[in-house]
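Notes follow once the structure below has been shown.
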Amino acid sequence: MRVLHLTAGNLFGGVETALISLASCGLKDLSLQTTFACCFTGRLSQVLIDKGASVHFLGEVRIRFPWTVWRARRKFT
């Protein structure tokens, strides 16, 4: 099974800790392929990379600037 986790990545808290746990579990279970997409580089993306997870960067996205949302969405097509 392939799973893509999308996150902003500019904060660090409970959700980010859960994503790190999922990355660790996914790397041990070969039937689960976890991939992560972050909008910001920071502590979360660095920890995921250090754990060997596949991390894609979408670029900084802010809702108040709609063109940044459109730019990030285009990366999925």
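The values are calculated or read from the model by the stated rules, or taken from the named source; none is laboratory data. If you're wondering where the values come from, they're calculated on a predicted model, not measured in any experiment. As a convention, Cβ positions derive from the backbone with ideal geometry for all residues, glycine included, and neighbour counts pool all protein chains shown.
Residue by residue through the range 25-64, note down the ones that are closer than 16 Å to T7 by Cβ and of a type in the set (S, T, N, Q). Across the range 25-64, the qualifying residues are T34, T35, T41, S45, Q46, S54.
Say whether the condition of being in a helix (DSSP H, G or I), among the aliphatic types (A, V, I, L, M) and surrounded by 11 or more Cβ atoms within 10 Å (Cβ to Cβ) is met by at least one residue in the range 1-15. Looking for residues that are in a helix (DSSP H, G or I), among the aliphatic types (A, V, I, L, M) and surrounded by 11 or more Cβ atoms within 10 Å (Cβ to Cβ), one finds at least one in the range 1-15, hence yes. In the range 19-41, the residue that is modelled with the highest pLDDT out of those that are more than 20 Å from R71 (Cα to Cα) and outside any helix (DSSP H, G or I) is T34. Does R71 satisfy the condition of being outside any loop (DSSP other than H, G, I, E, B), free of Cβ contacts under 8 Å to residues at least 24 places away in the same chain and over 14 Å from the mean Cα position of the chain (by Cα)? Yes; evaluated as a whole, the condition is true for this residue.
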